[in-house]
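Here the structure is laid out as structure tokens; the discussion comes afterwards.
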Amino acid sequence: MQNVKIITVGSLKETYLKEATAEYSKRLSRFCKLQIIELKESSVPESPSQKEIGSALCEESEKILALVPPQAELIALCVEGKQMSSEQLAERIESSALKTSDLVFVIGSSHGLSEKVKMRADLRLSISMQTFPHQLMRVILLESIYRSYNIINGTKYHK
């Protein structure tokens, strides 16, 4: 069974997002060993400069990369990343399972991810050209992973 880790900067505040996360986590338990790790977002002033944002992202990157096993395939969610269909993501997840038992997804803070994390990533993934709150992105990512495992296993979930 594949180990899937989602490292996310920031915590969920809304009850409905927590409930959706719990539901998809439960559904995914039949396909993989899921672990969600929340990291505290580095603090920046109200109107941060680019230097202050860069410093915060660097601090966050150290915490993120410390949680990524060396042999893991790392997929970083980035606005400039590659967009994939559900079938393509399923193929990527399935092929990663042939190489390593550890698959890690990273969702950055509202300021994104540092270049250091992006450089370590095996894939930069963009879920959409639209902008979503990073808290909602966790639910969207979980649904995408769940859909991928259903495609891999040939269930009727994916139509």
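Quick note: the coordinates plus some simple rules give every number you see, no bench work behind them. Just so it is clear, the model here is predicted, and its values are computed rather than measured. Using ideal geometry, Cβ is built from the backbone for each residue, glycine included, and neighbour counts are taken over all protein chains shown.
Quote the FRET efficiency, to the nearest 0.05, computed for Lys116 versus Arg30 with a Förster distance R0 of 30 Å and r equal to the Cβ-Cβ distance.
Computed FRET efficiency for Lys116 and Arg30: 0.30.
Run the simple label-point estimate for Val79 and Lys13 please: 7 Å along Cα→C-beta, distance reported in nm.
2.0 nm
Over all distinct Cα pairs, what is the inverse of the mean 1/r for the chain, reported as the Kirkwood hydrodynamic radius in Å?
Details: mean 1/r = 0.0623 Å⁻¹.
Kirkwood radius, the chain: 16.1 Å.
Run the dipole for the range 2-153 about the Cα centre, Lys and Arg Cβ at +1, Asp and Glu Cβ at -1, nothing else charged, and hand back the magnitude in debye, nearest 20. All intermediate terms of the calculation are to be shown ahead of the outcome.
Working: 19 positive and 19 negative charges, 69 e Å.
So the magnitude is around 340 debye.
Using label points projected 7 Å from each Cα along Cα→Cβ, tell me how many nm separate Glu91 and Met1, to one decimal.
2.8 nm
Using +1 at the Cβ of each Lys and Arg and -1 at the Cβ of each Asp and Glu in the range 2-153, identify which of Ser86, His134, Ala97 lies farthest towards the dipole's positive end.
The residue sitting farthest along the positive end of the dipole is Ala97.
Taking 41 Å as R0, compute the FRET efficiency from the Cβ-Cβ separation of Val44 and Lys156 and round it to 0.05. The partial results should precede the final answer.
Details: r = 46 Å, r/R0 = 1.11.
In this case the efficiency is close to 0.35.
Taking 8 Å as the Cα distance limit and 6 or more residues as the minimum spacing, I'd like the relative contact order of the range 1-151 as a percentage.
35 percent
Picking from Leu57, Gln71, His111, whose Cα lies most toward the positive end of the charge dipole for the chain (charges on Cβ: Lys, Arg +1; Asp, Glu -1)?
The Cα lying farthest towards the positive end belongs to Gln71.
What order do you get for 102-111, 11-20 when each peptide is scored by the mean count of other beta carbon atoms within 10 Å, highest first?
102-111, 11-20
Only four residue types carry charge here, +1 at the Cβ of Lys and Arg and -1 at the Cβ of Asp and Glu. Report the dipole size of the range 6-74 about the Cα centre in Debye, rounded to the nearest 20.
Computed charge dipole of the range 6-74: roughly 420 debye.
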